[in-house]
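**Student:** The following block contains the structure, expressed as structure tokens.
The values are calculated or read from the model by the stated rules, or taken from the named source; none is laboratory data. Because the structure is predicted, anything quoted here is derived from the model rather than measured. Quick reminder, even Gly has a Cβ in these numbers, built from the backbone with ideal geometry, and neighbours come from all protein chains shown.
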Amino acid sequence: MEIQSNAKFQIDDLIIYGSSGVCIVRDICVPDMFDIDTTEKYYILEPVYLKGSTIYSPVDNSTTIMRKIITKEEARELINQIPFTEPYWNINDKKREEQYKNAIRTYDCYEWMRIIKTLYQRKQELSEQKKRLGQIDERYLHMAEDLLYAELSIPLEITREEVESYIANMVNHHESEECQ
């Protein structure tokens, strides 16, 4: 029996697969596995930064966000928007955590960048007062950085570790051009 595919991704596409982050589509097929619905096709995904793992996701999965990673042009545009981006800030810890949680769950680079910008600014303010970010803020800063830097590293063709300094250089360059 031939199964019709509604696949929106192709083999070798790089995608974001929910909290698993960047994955490569290794195959689109009906896996020969026990307890899998043999009437539908699955994406066979390999997380890029978690070697040795495999994810089987139905092509018609509506519970997990799946999207192609951003392009090099989109990555650069995102970075150019940083100086103009409104940070999230809410003095109430519970409401702020809820904002961060919702932003992380969008799996949207812009929202991750907003969290990072917010918490970098907050970290700087607190540092001047000889204080540190709280645990909740630190946790969401690291989550947003991990997700964003993993995605940006691929179209920018740099390592995850180089993304932060790349962004800082681009923002500083953009700000220095505006001052002239």
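**Student:** Does residue 54 satisfy the criteria of being of a type in the set (S, T, N, Q) and farther than 30 Å from residue 28 by Cα?
**Tutor:** When the stated conditions are applied, residue 54 does not pass them.
**Student:** Assess whether residue 56 counts as being aromatic (Phe, Trp, Tyr) and either in contact with a Ser or Thr (Cβ under 6 Å, 6 or more places away or on another chain) or assigned by TED's automatic domain parsing to the domain that holds residue 148 (or both).
**Tutor:** It is false that residue 56 is aromatic (Phe, Trp, Tyr) and either in contact with a Ser or Thr (Cβ under 6 Å, 6 or more places away or on another chain) or assigned by TED's automatic domain parsing to the domain that holds residue 148 (or both).
**Student:** On to the next question. So, in the range 120-131, how many residues would count as being touching a residue at least 24 places away in the same chain (Cβ under 8 Å) and either under 24 Å from residue 69 (Cα atoms) or surrounded by 15 or more Cβ atoms within 10 Å (Cβ to Cβ) (or both)? Before the answer, list the steps.
**Tutor:** Residues of the range 120-131 that are touching a residue at least 24 places away in the same chain (Cβ under 8 Å), as a first pass: 121-122.
Then keep just the ones that are either under 24 Å from residue 69 (Cα atoms) or surrounded by 15 or more Cβ atoms within 10 Å (Cβ to Cβ) (or both); that gives 122.
Final tally of qualifying residues: 1.
**Student:** Are any residues in the range 23-44 surrounded by 14 or more Cβ atoms within 10 Å (Cβ to Cβ), assigned to a loop (DSSP other than H, G, I, E, B) and charged (D, E, K, R), and if so, which ones?
**Tutor:** Hits for the range 23-44 are 40, 41.
**Student:** Ok, one more. Taking the residues in the range 50-59 that are at pLDDT 90 or above and outside any strand (DSSP E or B) as candidates, determine which candidate is nearest to residue 10 (Cα to Cα).
**Tutor:** The selected residue is 59.
**Student:** For the condition surrounded by 15 or more Cβ atoms within 10 Å (Cβ to Cβ) and under 12 Å from the mean Cα position of the chain (by Cα), what is the one hit in 82, 69?
**Tutor:** Testing whether each residue is surrounded by 15 or more Cβ atoms within 10 Å (Cβ to Cβ) and under 12 Å from the mean Cα position of the chain (by Cα) leaves just 69.
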